[in-house]
Every structure is written in C-alpha cells, then in structure tokens.
Amino acid sequence: MSATNLAPMLRHPELKRLYGKWSDLRGEGEIPMAVDLDPAVLRPWLSHLVVINVEDDGRFIYSFYSTEYAELFNGDRVGQSIDTLPASQRDLLKREYEQVCLEQLPVSRVYTGSFGGEEQIWERLVLPFLSRDGEVTKLMVAAYRLS
C-alpha cells in the first residue's frame, strides 16, 4: 500500500514512529535527501532496519543490514544485491522497490512467512531518500513482527 500519509494505516507503533521521523525530515516539501539521514536519529530502529542503495543500473544493494536480521534471515547481506535472493522473494522485493523509486512514496505491507518452522506475521515499511538530482538513491526498510 502506498500513500502520502501512511501513519494511520500502519499497525506497529515503531513503524508509526519511524514514519513520523521520515515525515519530519520531509516537512512540507520533497522527500528527504539521503544526506539528511542521521544514523544517530535512527538508533531506536537499528535492530529492525536495512538500508538499500539504488544503483544507476537499477540494482538494489544492501548497504546496512541489522545484526538481528542477519541472525533471523540467514546471514549478513551487506554488499549483496537482492538478485541473490530466491526468485519469488527477489521478484516481490524488486517490484516493491521499483514502485517506491518510481512514485517516490513510501509503501507498507503486512505479510506472513515461515521462519524457523514457525508461521509469523510481519509488517514492513519502505521509505525513499533522494539524491541531489531528485532521484531515489536509498531505501530504508524496517520490519516488525506482529505475531
């Protein structure tokens, strides 16, 4: 789901807070620029974040991958492209990330997955950040377990 104001639709309180922080950076204007991203401000969410560089050739490369996600999801992916993921997961993420880049709007979704043999429900939020030339250059992705 994409929208100009996702806060009322987000379920997890930490995603609402993160979206609020992104909205504060945005203010009344454009999407925040990647240079506006202060890692210290992101401290409350670091355990649930990945940051993805949007390359000029259209690839999506992990530039930050939380240690908690590395433990949950089979290792650190920093420096890897989403192309290394299983095809169904890669295709879903690629469509999602391309949508965010094209529309320059955040997206969120709730999904169910099996992790460690346990079915779990998660909510994720993808936030765009622009380069100086107005193109999406980074995506910040946060996900929290709902059940």
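The values are calculated or read from the model by the stated rules, or taken from the named source; none is laboratory data. Since the model is a prediction, treat every value here as computed from it, not as a measurement. Counting neighbours? That spans all protein chains shown, and the Cβs are built from the backbone with ideal geometry, glycine included.
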Open item on the list: Just to check your reading of the model, which residue among Asp76, Asp56 is farther than 20 Å from Arg109 by Cβ and either in contact (Cβ under 8 Å) with a residue 60 or more places away in the chain or exposed (fewer than 12 other Cβ atoms within 10 Å of the Cβ) (or both)?
Closed with: Asp56
- [ ] Taking the options Ala70, Ala40, name whichever one is surrounded by fewer than 16 Cβ atoms within 10 Å (Cβ to Cβ), without any contact (Cβ under 8 Å) to a residue 40 or more places away in the chain and more than 19 Å from Ala143 (Cβ to Cβ).
- [x] Ala40
TODO: For Ser23, work out the one condition from (1) buried (at least 16 other Cβ atoms within 10 Å of the Cβ); (2) within 18 Å of Tyr97 (Cα to Cα); (3) of a type in the set (S, T, N, Q) it doesn't fulfil.
DONE: (2)
Open item on the list: When the residues of segment 81-107 are narrowed to those that are surrounded by fewer than 16 Cβ atoms within 10 Å (Cβ to Cβ) and of a type in the set (Asp, Glu), which ends up farthest from Val50 (Cα to Cα)?
Closed with: Glu103
Open item on the list: So, in segment 57-88, exactly how many residues are closer than 22 Å to Leu42 by Cα, in a helix (DSSP H, G or I) and among the hydroxyl-bearing types (Ser, Thr, Tyr)?
Closed with: 2
Task: Output for segment 27-42, where each listed residue is more than 15 Å from Glu135 (Cα to Cα) and not in a loop (DSSP other than H, G, I, E, B) - done: Pro39, Ala40, Val41, Leu42
TODO: Scan segment 103-118 and report the pairs whose first residue is on the phi > 0 side of the Ramachandran plot and whose second residue is assigned to a strand (DSSP E or B), with Cβ atoms within less than 9 Å and a gap of 6+ or a chain change.
DONE: Gln104/Pro128; Gln104/Leu130; Gln104/Val136
Open item on the list: I'm trying to understand the selection: among the residues of segment 108-135, which are aliphatic (A, V, I, L, M) and over 19 Å from Tyr65 (Cα atoms)?
Closed with: Val110, Ile121, Leu130
Open item on the list: Please determine whether any residue of segment 53-67 is within 26 Å of Ser147 (Cβ to Cβ), at pLDDT below 95 and more than 15 Å from the chain's Cα centre (by Cα).
Closed with: yes
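Select from segment 136-147 the residues that are among the hydroxyl-bearing types (Ser, Thr, Tyr) and at pLDDT 95 or above and write down the one among them that is nearest to Phe64 (Cα to Cα).
First pass over segment 136-147, keeping only residues among the hydroxyl-bearing types (Ser, Thr, Tyr): 137, 144, 147.
Those still in the list that are at pLDDT 95 or above too: 137, 144.
On the way: Thr137: 14, Tyr144: 17 Å.
Among those residues, the one meeting the criterion is Thr137.
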Open item on the list: So for segment 113-136 (the condition being closer than 27 Å to Met9 by Cα and part of a helix (DSSP H, G or I)), does at least one residue qualify?
Closed with: no
